[in-house]
Amino acid sequence: MVKTHEITDKKIWEETVLGRPEANFLQSWNWGEFHKNLGQKVFRVGFYDEGRVVGVALAVVEKAKRGTYLTVPGGPLIDWENNKITNEFKKIIVEIAKKNSCSFVRVRPQILETEENSKLFADLGFRSAPMHLHAELSNLLDITKTEEELLANMRKATRYEIKQAQKLGIRITTSQDSADIGEFYDLQIETAQRHGFVPFSKKFLQEQFKVFAADDRAVLYTAWMDKIKLAQAMMIFYGREADYHYGAGAEEGRKYPGAYLIQWEAIREARKRGLKRYNLWGVAPEGDRSHRFYGVSVFKRGFGGQDVAYLHARDLVLDWSKYVVNWTVELIRKWVRKV
């Protein structure tokens, strides 16, 4: 019989998450700590079968003007072929959601976008969400290959830009000091104004970086041309995966290939850490020029990775009257933001 219990021991949680090959930082202990530091309620649920942990689910209560809802990002990490576990998962998240006055539960599991997986969630009572929760179409690079093979598999223009950056003497510096996120935040504001997207708050970025950097799992990369800052990127190294989570660039950086060299140095660091894949994070559908992230997607795909489509976020509705309001707001935002 499958039972659920709260897990309060970081060691037990991390051992379970890190034992799952599909996992990334979204179900890590630190992702929960980050949300707790923002004042949000976090629930760490363990699934037990005969006293043994067989899966976990990190759930976060999100409060917004449009209503309160529960999210399970990049999870749960369970055996999706085990009906006892999937039914227990639904049972526990409904219980948590109702206790916290949530109108719905949004899940973006770390499983592929297939008809079989879509049916699995439909059978559990979930419906397709109007918006994504986290990156769903990602570009993943296999970094178990040699550096020579990785460079050879890149787009010719990308390989050229990396070599050009090295030839020009562009420097890459790294930091794990959360105080430096202030400068990254400023650069993100500049980038957001140029490209028309909504930036993250300074506290959001700093708290996230701080908890991961404390465990040597986050690094801030900066590209310099002499004393001119060209670009920055926040990378997270967790489990078997390194993630290009956030990036920002200066106007001056558009003249020099600093962003290319940042990615290459982060890939090299991930290989040194023994990681298996490099996740360039979200990309626009191939060829969709109307998508807001079309340009950066061309940049990301140049490194030779493969697009991987995770199952689109699914919603389990608990209060339809409140959900309809949220659904309408998110559809409008999706249209306005062109995502």
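His35 meets the conditions (1) closer than 18 Å to Leu133 by Cα; (2) open to solvent by 20 Å² or more (accessible area, probe 1.4 Å) in every case but one. The failed one is (2). Only residues that are crowded, with 20+ Cβ neighbours inside 10 Å and free of Cβ contacts under 8 Å to residues at least 60 places away in the same chain were counted across segment 79-95, and they come to 2.
Can you pull out every residue in segment 281-337 that is open to solvent by 60 Å² or more (accessible area, probe 1.4 Å), among the basic types (Lys, Arg) and either touching a strand residue (DSSP E or B) at 6+ places or on another chain (Cβ under 9 Å) or within 30 Å of Leu124 (Cβ to Cβ) (or both)? Within segment 281-337, Lys322, Arg333, Lys334, Arg337 qualify.
Please go through segment 215-236 and give me each residue that is of a type in the set (Ser, Thr, Tyr) and over 18 Å from the mean Cα position of the chain (by Cα), ordered by number.
Going through segment 215-236, the residues of a type in the set (Ser, Thr, Tyr) turn out to be 221-222.
Thr222 - this is the single residue of segment 215-236 that is of a type in the set (Ser, Thr, Tyr) and over 18 Å from the mean Cα position of the chain (by Cα).
Each residue in segment 265-294 was checked for being over 19 Å from the mean Cα position of the chain (by Cα) and small (Gly, Ala, Ser), and 3 pass.
Of all the criteria given as (1) in contact (Cβ under 8 Å) with a residue 60 or more places away in the chain; (2) more than 22 Å from Glu136 (Cβ to Cβ), the one not satisfied by Tyr69 is (2).
If you go through segment 38-75, how many residues are among the small types (Gly, Ala, Ser), in contact with a helix residue (DSSP H, G or I) (Cβ under 9 Å, 6 or more places away or on another chain), surrounded by fewer than 22 Cβ atoms within 10 Å (Cβ to Cβ) and over 24 Å from Leu205 (Cβ atoms)? Give the derivation first.
Keep residues of segment 38-75 that are among the small types (Gly, Ala, Ser), which gives 39, 46, 51, 55, 57, 59, 64, 67, 74-75.
Filter once more, so that each one left must be in contact with a helix residue (DSSP H, G or I) (Cβ under 9 Å, 6 or more places away or on another chain): 46, 55, 57, 59, 64, 67, 74-75.
So of that shortlist, the ones also surrounded by fewer than 22 Cβ atoms within 10 Å (Cβ to Cβ) come out as 46, 64, 67.
If we keep only those that are over 24 Å from Leu205 (Cβ atoms) as well, we get 46, 67.
Here the count works out to 2.
The residues in segment 142-153 that are open to solvent by 10 Å² or more (accessible area, probe 1.4 Å), in contact (Cβ under 8 Å) with a residue 40 or more places away in the chain and either farther than 26 Å from Tyr256 by Cα or of a type outside the set (S, T, N, Q) (or both) can be counted, and the count is 3. All conditions but one from (1) crowded, with 20+ Cβ neighbours inside 10 Å; (2) closer than 18 Å to Leu168 by Cα; (3) out of contact with any Pro (no Cβ under 9 Å at 6 or more places or on another chain); (4) without any contact (Cβ under 8 Å) to a residue 60 or more places away in the chain apply to Tyr256; the one that does not is (4).
The residue of segment 106-134 that is surrounded by the most Cβ atoms within 10 Å (Cβ to Cβ), among those that are free of Cβ contacts under 8 Å to residues at least 24 places away in the same chain and closer than 24 Å to Asn326 by Cβ, is Ala122.
The values are calculated or read from the model by the stated rules, or taken from the named source; none is laboratory data. Note that the structure is predicted; figures quoted are calculated from it, not measured. Positions of Cβ are backbone-derived with ideal geometry, glycine not excepted, and every protein chain shown enters the neighbour counts. Side chains are part of the model used for accessible areas, which takes the heavy atoms of the whole protein and leaves out ligands, DNA and RNA. Shrake-Rupley method; radii C 1.70, N 1.55, O 1.52, S 1.80 Å.
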